[in-house]
Amino acid sequence: MAILKIARMGQPVLRRPAASVPVPADDELRRLIEDMVETMHDAGGTGIAAPQVYVPKRVIVFFVEAGRARRSVAEPGADPAAEDEGISLTVLINPDYEVIGETQADDWEGCLSIPGLTGQVPRWQRIRYWGQDPDGTQIEREAAGFHARVVQHEIDHLNGVLYPDRMRRLDTLIFTSEIDSYLDEDTGA
Ligand code: NI
């Protein structure tokens, strides 16, 4: 396993559509996936897409920490104390999604290819997504809130889209280190 170099915004590989990948994965692709996972964990990310490590292929890996999966979802009648186990490490090859409902929500997002910055990005609140695992087994899930946000963010990478492209208010594009000042000002606290 190896920690790979992460492409930063400005690298053309981040702006090109990535190519579909045959499954089951060959040894080279399995090595790439292992390295993507190691690189994501090393960088403290919750997801990474192959173009971010200079490989223009349709492969993403992600996970969602326990307690974050339902963040920012307003579910009528939902028990706020209900168990949220998060989403375990998921590898998706040739992923895609469709939107469920018509609700979007803004929330803070960051990206390993845009280090040090964060911004408010509108995303669909509920989606159904699918793809294959490295063995070629079909995965299909419904997702909401932060989980849905992560999947939309990573699939965007496969289409050459970075989160600032999606932002409606560029005045929310700020350094992560300044977010406390920003929020204090915002709330008048
Ligand atoms: Ni990203």
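The values are calculated or read from the model by the stated rules, or taken from the named source; none is laboratory data. Bear in mind that the values here come from a model prediction, so they are computed numbers and not experimental data. Because the Cβ atoms are built from the backbone with ideal geometry, glycine has one as well, and the counts that use them run over all protein chains shown.
Could you check how many residues of segment 114-132 are out of contact with any Gly (no Cβ under 9 Å at 6 or more places or on another chain), in contact (Cβ under 8 Å) with a residue 60 or more places away in the chain and surrounded by fewer than 17 Cβ atoms within 10 Å (Cβ to Cβ)?
Result for segment 114-132: 1.
Answer with yes or no whether R30 is among the charged types (D, E, K, R) and more than 13 Å from Y54 (Cα to Cα).
For R30, the condition - among the charged types (D, E, K, R) and more than 13 Å from Y54 (Cα to Cα) - is met.
With respect to V150, determine if the residue is without any contact (Cβ under 8 Å) to a residue 40 or more places away in the chain, within 11 Å of the ligand (Cβ to nearest atom) and within 25 Å of P56 (Cβ to Cβ).
It is false that V150 is without any contact (Cβ under 8 Å) to a residue 40 or more places away in the chain, within 11 Å of the ligand (Cβ to nearest atom) and within 25 Å of P56 (Cβ to Cβ).
Take the residues in segment 157-174 that are within 19 Å of the chain's Cα centre (by Cα) and in a loop (DSSP other than H, G, I, E, B); name whichever of them is nearest to the ligand (Cβ to nearest atom).
For segment 157-174, the residue satisfying everything is L162.
Determine whether S88 is of a type in the set (G, A, S), over 22 Å from A50 (Cβ atoms) and either away from the ligand (no atom under 16 Å from the Cβ) or in a helix (DSSP H, G or I) (or both).
The answer is no for S88.
If the requirement is being among the hydrophobic types (A, V, I, L, M, F, W, C), assigned to a strand (DSSP E or B), closer than 27 Å to E142 by Cβ and at pLDDT 95 or above, which of these qualifies: I60, I33?
Going through I60, I33 in turn, just one is among the hydrophobic types (A, V, I, L, M, F, W, C), assigned to a strand (DSSP E or B), closer than 27 Å to E142 by Cβ and at pLDDT 95 or above: I60.
Name the residues in segment 7-34 that are within 21 Å of N159 (Cα to Cα) and either within 15 Å of the chain's Cα centre (by Cα) or of a type in the set (D, E, K, R) (or both), would you?
R8, L14, R15, R16
Looking at G136 and the list (1) of a type outside the set (A, V, I, L, M); (2) more than 16 Å from the ligand (Cβ to nearest atom); (3) buried (at least 17 other Cβ atoms within 10 Å of the Cβ), which single condition is not satisfied?
In the conditions (1) of a type outside the set (A, V, I, L, M); (2) more than 16 Å from the ligand (Cβ to nearest atom); (3) buried (at least 17 other Cβ atoms within 10 Å of the Cβ), G136 misses (3) alone.
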